[in-house]
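Coordinate-derived values only; no laboratory data. Note that the structure is predicted; figures quoted are calculated from it, not measured. As a convention, Cβ positions derive from the backbone with ideal geometry for all residues, glycine included, and neighbour counts pool all protein chains shown.
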C-alpha cells in the first residue's frame, strides 16, 4: 500500500480527489452561509451598505413571535425524535429475530424511507383532519355528531399532525440503523450475559442498549436536525401562528416589505446556530451517559 | 435468542407498527379513484378514473412536472457521483492534513437546514442568472446530495482492498486503467446504490426548489403541494401514488446490493 506508506508523494493526488467536492460544497454551502451571515448584519456592499449592524437581530428578539416559534419548533423536533427513537428500538429488537415472512416484513418496514415527507404529510392530513378518515369512522361509531366534535389534530397548537408525520417517517430510518448495529454485534455478548444469570431487562439495559447507543445517537441527531429545519410539513399541517421557525423565515423572506429580508437572514442564521447548539448539547449529554454506563 | 419465531405480543406489536407505516398511503390511493368523497361517507359513493385521466393527459402540467423532476434528479445524481466518488476515496483510504476540516464540510450540510443555506444563496443566484431555472435548482440540490454520496463512498472505500491496485500498477497500468479495470469494478455496487439514493434525496426536495426555482421550475412536490392545499384531494392522491413509484422500485432493486453495503442508504432522506 504505497498510498499510506508515502503520504507526501500522494498529496497532490489527494487534492485532485478532493477538488470537485471541495469547490462545490465550499462555494454552495460555505458561500451560502457566509452570504446569509453578511446580509443578516445588513452588510451589502453592492447596495452601498458597508456598515454592519445588529438591527435585524434586535428586531428579531424584540418580537415575541420568534421565541414562541422557537419553543414550538424545539417541542416538535424533540418529541418527534424521542418517540421515533423509542419505537424504532422496539421495532429493531423484534425485527432482528428470525421468523416466517421476515423478508416481506423488512421490505414493508423500510418502504417509506424513500417516500417523500410531503406524501406522508398529505396522507396524515386525509387521515386526521376533522373531516378525514378517522373523523368519519368516529361518526360511524356514534362518537361524534359533526366534524367540529373531532379533536383538532391538524393546524393545532400541539402540532399533533406534524409529530405523527415525523414519527411515521422516522421510525424506519432510525430502525434500520439500529437493526444494522444489532446485526453487527451478533449474539455473543447476550449469550455471555445470560450464562451469568442476567434477566431480560438486565440484558437489554446493560448489554444491548450501550451497544446500540452510537447508532441511535447518530440517527437521532440527523432526525432532530431535519425536523428542526424542515419547511413543507409544518407549512402544510401546522397552525398559522405561531408557525415553525423555517416557515416563519420563509414568510419573512417572501414578505412584500423588502426591509424584512435582513430579518429573514437573521432568522436563518439563528435556526442554524440553535440547531448546532442543541445538537452539541445533546451529544455532550449522550457521551457522558455512555461513559457513565 | 433470535431463532424460534416471535411471541404473540411481539407479533401483534409488529403488525400494528407495519399497519401504521402503511396507513397514510391508503387514503391517497382511495382518493385517486374517488369522485366527490364527502364527509361522512366512509367510502366514496362514486368511483371514477377522472383524477388519473387528468394526471396522465399528455397536455396536463403533471407529466411535464415529472419530466423536469426526472431530468433534475438524474442530473443531480450524476453530478453528485462525479464529485462524491473521488471525495469518498480520499476520506475512506487516506490520511491527509485538514481531513477533519473536510469531514466537517461534508457532514455539516446534513445538519444545517437547507432553507438557511438556500436563503443565503438566492441573491447571488439571481445575479448569476441561475435563479428561476432548472440548472440553478440542480446546482442547489447538490448541497444535500453530494455529502451523502461522499459519506457512502467513504464507507465503501474504507472496506476496499487496495492491494489489487498495486498489482495493476506494478504490471504497468496507468491511473486511468487502474480506475477503469480495478477501482470501478470493485466499488460499483456502492456507486449504484449511492447514486440511486442521491436521486431520491433530490426527488424529495421541496423548499430549495421553491426558493431557487422561484415558481418557474415546477417539480412534482411543488405541484403536489399546490393540489393538496387547494383541496383537490383526488388529483393529489393520484400524483402521490405516481410520485412514490421510483422510491419503491429503488428499494426493490437495491435490496440485492444492500446486504453487503449495510445501512448506508439510511443516510438519505431522513
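Within the listed set A:268, A:198, A:135, the Gaussian network model of chain A (springs between alpha-carbon atoms below 10 Å) gives the highest mean-square fluctuation for A:198.
How far, in degrees from 0 to 90, does helix B:99-111 lean away from the longest principal axis of the Cα atoms of chain B, to the nearest 10? Computed tilt is about 0 degrees. For the pair region B:131-198 / region A:194-217, the C-alpha centres are spaced 37 Å from each other. May I ask for the Rg/Rh ratio of the protein assembly as shown, computed from Cα atoms with Rh as the Kirkwood radius, given to two decimals? Rg/Rh: 0.98. Put in line by how crowded their Cβ is, counting other Cβ atoms within 10 Å and starting with the fewest, B:133, B:170 read B:170, B:133. Helix B:8-22 and the longest principal axis of the C-alpha atoms of chain B enclose an angle of approximately 80°. The angle between the Cα long axis of helix B:220-229 and the longest principal axis of the Cα atoms of chain B comes to about 30 degrees, rounded to the nearest 10. When each of A:118, A:35 is scored by the number of other beta-carbon atoms lying within 10 Å, the sequence from fewest to most is A:35, A:118. Per-residue mean of foreign Cβ neighbours for B:13-23 is 6 (Cβ atoms of other chains, 10 Å radius). Between A:251, A:194, A:39, the residue with the greatest mean-square fluctuation in the GNM of chain A (Cα pairs under 10 Å linked by springs) is A:194.
The modelled label-to-label distance for the pair residue B:176/residue B:63, using points 7 Å beyond Cα in the direction of Cβ, is 4.2 nm.
Given Cα pairs under 8 Å that are at least 6 residues apart, what percent is the relative contact order of chain B? The partial results should precede the final answer.
Numbers: 298 pairs, mean separation 77.8, N = 270.
Relative contact order here is 29 percent.
Starting from the Kirkwood Rh over alpha-carbon pairs, what translational D in µm² s⁻¹ does chain B have by Stokes-Einstein at 37 °C and 0.692 mPa s? It would help to have the intermediate numbers written out before the result.
Values: Rh = 21.4 Å.
Translational diffusion coefficient: 153 µm²/s.
Between B:11, B:169, B:89, the Gaussian network model of chain B with springs among Cα atoms under 10 angstrom shows the greatest mean-square fluctuation at B:11.
Take each residue in B:95-105, count the other chain C-beta atoms within 10 Å of its C-beta, and the mean is 3.
Got the relative contact order for chain A handy, in percent, Cα pairs under 8 Å and 6 or more residues apart?
Details: 284 pairs, mean separation 75.0, N = 293.
It comes to 26 percent, rounded to a whole number.
Between residue A:61 and residue A:211, what length comes free when the chain is fully extended (0.36 nm per residue of separation minus the Cα-Cα distance, one decimal in nm)? Walk me through the intermediate numbers first.
Values: separation 150, 0.36 × 150 = 54.00 nm, distance 4.22 nm.
So the chain would gain 49.8 nm between residue A:61 and residue A:211.
Inverting the mean 1/r over all pairs of different Cα atoms, compute the Kirkwood radius of chain A and quote it in Å.
Details: mean 1/r = 0.0439 Å⁻¹.
Mean inverse Cα-Cα distance, inverted, gives 22.8 Å.
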